[in-house]
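The values are calculated or read from the model by the stated rules, or taken from the named source; none is laboratory data. Because the structure is predicted, anything quoted here is derived from the model rather than measured. A quick note on method: Cβ atoms are made from the backbone with ideal geometry, for glycine too, and the neighbour counts reach across all protein chains shown. To get the accessible areas, we keep the full protein, side chains included, count just its heavy atoms, and leave off ligands, DNA and RNA. Shrake-Rupley method; radii C 1.70, N 1.55, O 1.52, S 1.80 Å.
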Amino acid sequence: MEIIIRAGAFDEFDEPRTKQFWAAQFHRQTTTEQGGQGWLLPPPSLDRFPQVHLNEPTRRERLEAEVELYGYAVSGHPLELFPDIAWNTYCSVNELSRHVGETVVTCGLIVEQRTHHQITGEPMKFLTLADWTGMVETELFAQTYKSYGLATVRYPVLEVEAKVEAFENGLGFTLRVMRAGKPRTAKPS
């Protein structure tokens, strides 16, 4: 019960989560006191709760709880969990098509990753990065993967320096990563 309250399953009932939590605690306690047969008798009134100010979780705390419970943010954009990243200092995903053939520095949340082996048998990695404007597929070929593969595991949000390469059919592009690492953070004001 506590887990689904933390996840926001009862938010539609317009009761604060902290009140829901304490109501569940109270209900559990009263059913235990009634020998586990609490469902047979009407529960005691919730009016017995003390009138104490209960602090509701912040939006960030709610998103963190969702990630903990579901593995992803449900009620907001997952990038809200990374407010310190200097997003405005990077080439955004929706601007990448203007830079085909050029090297850019961009940043994004790793939303998908898979390891593959090149024809030579060496490992490489494909990543899908998401920023506030969209998603892009990236490739870390063997030599780059050998040098920067650890960064793809260490940092959930990744800064990459990459060449924007058009698909052969001209209907899109990918990023050939040359360097990957920790993203820049915004300076506190």
* Asked: Of all residues in the range 55-101 being in contact with a strand residue (DSSP E or B) (Cβ under 7 Å, 6 or more places away or on another chain) and assigned to a helix (DSSP H, G or I), which is farthest from VAL111 (Cα to Cα)?
  -> HIS99
* Structure fact -> When the range 168-189 is checked residue by residue, the ones that are under 16 Å from PRO156 (Cα atoms), open to solvent by 20 Å² or more (accessible area, probe 1.4 Å) and without any contact (Cβ under 8 Å) to a residue 60 or more places away in the chain are ARG179, LYS182
* If you go through the range 142-154 one residue at a time, do you hit one that is within 21 Å of TYR72 (Cβ to Cβ) and loosely packed, with under 15 Cβ neighbours inside 10 Å? -> yes
* **Test: residue in the range 119-135 that is closer than 28 Å to GLY71 by Cα, assigned to a loop (DSSP other than H, G, I, E, B) and open to solvent by less than 90 Å² (accessible area, probe 1.4 Å)** => yes
* One residue from LEU79, LEU63 being surrounded by 12 or more Cβ atoms within 10 Å (Cβ to Cβ) and farther than 30 Å from PHE26 by Cα -> LEU79
